[in-house]
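What follows is a set of notes on a single structure, which appears directly below.
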Amino acid sequence: MKCSLQQDTAAKTLIVASMVYFGLALTLGLLVAIKFVVPTIGEIEYLSLPRMRMLHTNANLFGWLLQANMGVLLWILPRILHTKLFSEKLGVLTGIIYNIAVAAGLTGIVLGQVKNIEYGEIAAPFDYLMALSWVFFGINVIGTIAQRKVKYLYVSVWYTLGSVIWTTFVFITGHFLTQMPMVTGVNQANLNWFYVHNAVGLIFTPLGVATAYYLIPKQLNTPIYSHKLSMIGFWVISFVYVWTGAHHMLHGPITHWLQTVSIIFSFSLIIPVIAVITNFFGTFAAAPQGRRLQGPVPKLLLMGTVYYVFTCLQGPFQAIRSVNEIVSKTDWVVGHAHMALFGAFSYYAMAGVYYVAPKLAGRRLFSDKLGDLHFWIMTIASIPFFVVLFISGVIQGYAWLNPENTFVQTLMALKSAHWIRFLAGVGIYAAYFIFLHNVFMTLFGKYPGEGEDRSEED
């Protein structure tokens, strides 16, 4: 008897699992934040700050954000391409292998089994399983594109296909090439920062932008501002982003010319950023006024774009040598990373989940009011969270440059900032549970007035 899966089972599998990991990532982040102000909390080996921080970053990047993007895009691509997903079974298998790898990898981190690579701490063999699941995801994406019923490829497809290619070599570099016996010292550091920066720029950026390029015109019922501009942004980011990672090692033991190249290309990123934000804001400006902020999806997309602007302005700014001398390795960089991965791309991912979940369930979102409440609480909490990290980063940088300052004096100067960071995190954490309840009630709950209107719209 032939076993068949319901359409969109793969997307649903990945989205549901990602929601669980989002909660885990935020829980760990809150634990890390409280340890900065009450360091005696969790004074056992398995809850040490370094392990909690590695767990937080990996659960957020791979458990939540990458998986949510994969799930949302496995729903979006067939609609854009007017076809079915290449293989639902392969998609479900992707989700199963991926979640086994992430769960086992995070368990390994708790037990101290890690690699010495930022954002690549998940150790073998589970990093190999993650790579295998990405190959399966890529096969599904390419197979769906190959059997499309339309000739023209919309920009979301280009970004998704680009991410499949870019993620492959970025992941291989970060997880495998850095572990080769001949790759040590400065060479390993160069590859490490190539991986870290391109994980943001060539994995999460194209996946997030692909999602937003679909959702913004669909949700606003308005054509994208400029298709030509969207393709200019895609091709420029393809060529310039890959060279920027070394700006994390300015004033370090790498060649001066490589530092200069990274600075030049960091400023070159302004070109694709202008293309993206002009398209997004231009589409919002052209949309009917009543639809621009109607419900949580456009709000999340608009605020995500605002955070994207600030993130991408910060990148070139902190690549300036005199600025980098102050902010490098401080709380400023922590704020910058959070504004990119949480402020911009997690907002896009949450918008994607809110948009796709009702389609998967065949009914309306459980509560638009709860969705708006989630957005406002998370946004109001996230603003002081980011701002205080930027301010404390500058304070921290100047303190480190003063040889008369001790480590303890620097920590005392940052204590109030760390309290604000923790309290803002509590607000973000509370908003997550509203988000979780709203999505899970939409997918699995029972509520009055639900319609049997499963959408197959393009």
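The values are calculated or read from the model by the stated rules, or taken from the named source; none is laboratory data. Please read these numbers as outputs of a predicted model, since none were measured by experiment. Cβ: placed from backbone, ideal geometry, glycine included. Neighbour counts: every protein chain shown.
Among the residues of region 420-450, which ones are of a type in the set (D, E, K, R) and either touching a residue at least 60 places away in the same chain (Cβ under 8 Å) or surrounded by 15 or more Cβ atoms within 10 Å (Cβ to Cβ) (or both)? Passing the criteria: 421, 450.
Would it be correct to say that residue 222 is under 29 Å from residue 365 (Cα atoms), surrounded by fewer than 22 Cβ atoms within 10 Å (Cβ to Cβ) and either touching a helix residue (DSSP H, G or I) at 6+ places or on another chain (Cβ under 7 Å) or not hydrophobic (A, V, I, L, M, F, W, C) (or both)? Working first, answer last.
Details: under 29 Å from residue 365 (Cα atoms): yes; surrounded by fewer than 22 Cβ atoms within 10 Å (Cβ to Cβ): yes; either touching a helix residue (DSSP H, G or I) at 6+ places or on another chain (Cβ under 7 Å) or not hydrophobic (A, V, I, L, M, F, W, C) (or both): yes.
In short, yes.
Against the test of being among the small types (Gly, Ala, Ser), at pLDDT below 95, over 15 Å from residue 66 (Cα atoms) and more than 19 Å from the chain's Cα centre (by Cα), the options 143, 185, 174 yield a single qualifying residue, 185.
Each residue in region 320-379 was checked for being basic (Lys, Arg) and more than 24 Å from residue 67 (Cα to Cα), and 3 of them qualify.
If you take the residues in region 234-270 that are among the small types (Gly, Ala, Ser) and more than 20 Å from the chain's Cα centre (by Cα), which one is surrounded by the most Cβ atoms within 10 Å (Cβ to Cβ)?
Taking region 234-270 as the starting set, the residues that turn out to be among the small types (Gly, Ala, Ser) are 238, 245-246, 252, 262, 266, 268.
Applying the additional criterion that residues be more than 20 Å from the chain's Cα centre (by Cα) yields 246, 252, 262, 268.
Values: 246: 24, 252: 13, 262: 22, 268: 17.
Among those that are among the small types (Gly, Ala, Ser) and more than 20 Å from the chain's Cα centre (by Cα), it is 246.
Scanning region 348-367 for residues that are at pLDDT 95 or above and surrounded by fewer than 17 Cβ atoms within 10 Å (Cβ to Cβ) yields a total of 0.
For the subset of region 107-135 comprising residues that are of a type in the set (Asp, Glu) and surrounded by 20 or more Cβ atoms within 10 Å (Cβ to Cβ), which member is nearest to residue 168 (Cα to Cα)? Please lay out each step first, then the result.
Within region 107-135, the subset of a type in the set (Asp, Glu) is 118, 121, 127.
When the remaining residues are screened for being surrounded by 20 or more Cβ atoms within 10 Å (Cβ to Cβ), the result is 121, 127.
Numbers: 121: 17, 127: 13 Å.
Across region 107-135, the extreme among qualifying residues is 127.
Limited to region 105-126, what total is found for residues that are assigned to a loop (DSSP other than H, G, I, E, B) and at negative phi? Write out each step before concluding.
In the first step, residues of region 105-126 are kept if they are assigned to a loop (DSSP other than H, G, I, E, B); the result is 111-113, 115-121, 123-125.
Filter once more, so that each one left must be at negative phi: 111, 113, 115-118, 120-121, 123-125.
Residues meeting the conditions: 11.
Which condition number in (1) surrounded by fewer than 20 Cβ atoms within 10 Å (Cβ to Cβ); (2) over 18 Å from the mean Cα position of the chain (by Cα); (3) part of a helix (DSSP H, G or I) is the one that residue 161 fails? Every listed condition holds for residue 161 apart from (2).
So for region 324-340 (the condition being over 23 Å from residue 59 (Cα atoms) and among the hydroxyl-bearing types (Ser, Thr, Tyr)), does at least one residue qualify? Within region 324-340, one or more residues are over 23 Å from residue 59 (Cα atoms) and among the hydroxyl-bearing types (Ser, Thr, Tyr).
Restricting region 314-347 to residues that are without any contact (Cβ under 8 Å) to a residue 12 or more places away in the chain and not basic (Lys, Arg), the residue that is surrounded by the most Cβ atoms within 10 Å (Cβ to Cβ) is 323.
Of all residues in region 355-402, exactly one satisfies the criterion of being in contact with a Ser or Thr (Cβ under 8 Å, 6 or more places away or on another chain), assigned to a helix (DSSP H, G or I) and among the charged types (D, E, K, R), namely 359. So is residue 83 β-branched (Val, Ile, Thr), in a helix (DSSP H, G or I) and out of contact with any Asp or Glu (no Cβ under 7 Å at 6 or more places or on another chain) or not? No. If you go through region 174-188 and keep only what is in a helix (DSSP H, G or I) and surrounded by fewer than 20 Cβ atoms within 10 Å (Cβ to Cβ), you end up with 177, 179, 185, 186, 187, 188.
Among the residues of region 271-292, just one is loosely packed, with under 15 Cβ neighbours inside 10 Å and not in a helix (DSSP H, G or I), namely 288. Within region 70-77, identify whether any single residue is part of a helix (DSSP H, G or I) and surrounded by fewer than 21 Cβ atoms within 10 Å (Cβ to Cβ), and answer yes or no. Taking every residue of region 70-77 in turn, none turns out to be part of a helix (DSSP H, G or I) and surrounded by fewer than 21 Cβ atoms within 10 Å (Cβ to Cβ).
For region 405-419, state whether one or more residues are outside any helix (DSSP H, G or I), surrounded by fewer than 15 Cβ atoms within 10 Å (Cβ to Cβ) and free of Cβ contacts under 8 Å to residues at least 24 places away in the same chain. It would help to see each step written out before you state the result.
Of region 405-419, the ones outside any helix (DSSP H, G or I) are 405-406, 414.
Now restrict to residues that are surrounded by fewer than 15 Cβ atoms within 10 Å (Cβ to Cβ): 405-406.
Now restrict to residues that are free of Cβ contacts under 8 Å to residues at least 24 places away in the same chain: 405-406.
Looking for residues that are outside any helix (DSSP H, G or I), surrounded by fewer than 15 Cβ atoms within 10 Å (Cβ to Cβ) and free of Cβ contacts under 8 Å to residues at least 24 places away in the same chain, one finds at least one in region 405-419, hence yes.
Give 112, 120 a once-over and let me know the one that is under 26 Å from residue 49 (Cα atoms), in contact with a His (Cβ under 9 Å, 6 or more places away or on another chain) and small (Gly, Ala, Ser). Of 112, 120, the one residue that is under 26 Å from residue 49 (Cα atoms), in contact with a His (Cβ under 9 Å, 6 or more places away or on another chain) and small (Gly, Ala, Ser) is 120. The residue that is farthest from residue 267 (Cα to Cα), among those in region 206-251 that are part of a loop (DSSP other than H, G, I, E, B) and of a type in the set (A, V, I, L, M), is 224.
Only one of the numbered conditions (1) surrounded by fewer than 18 Cβ atoms within 10 Å (Cβ to Cβ); (2) touching a residue at least 60 places away in the same chain (Cβ under 8 Å); (3) small (Gly, Ala, Ser); (4) closer than 30 Å to residue 275 by Cβ is violated by residue 143, and that is (2).
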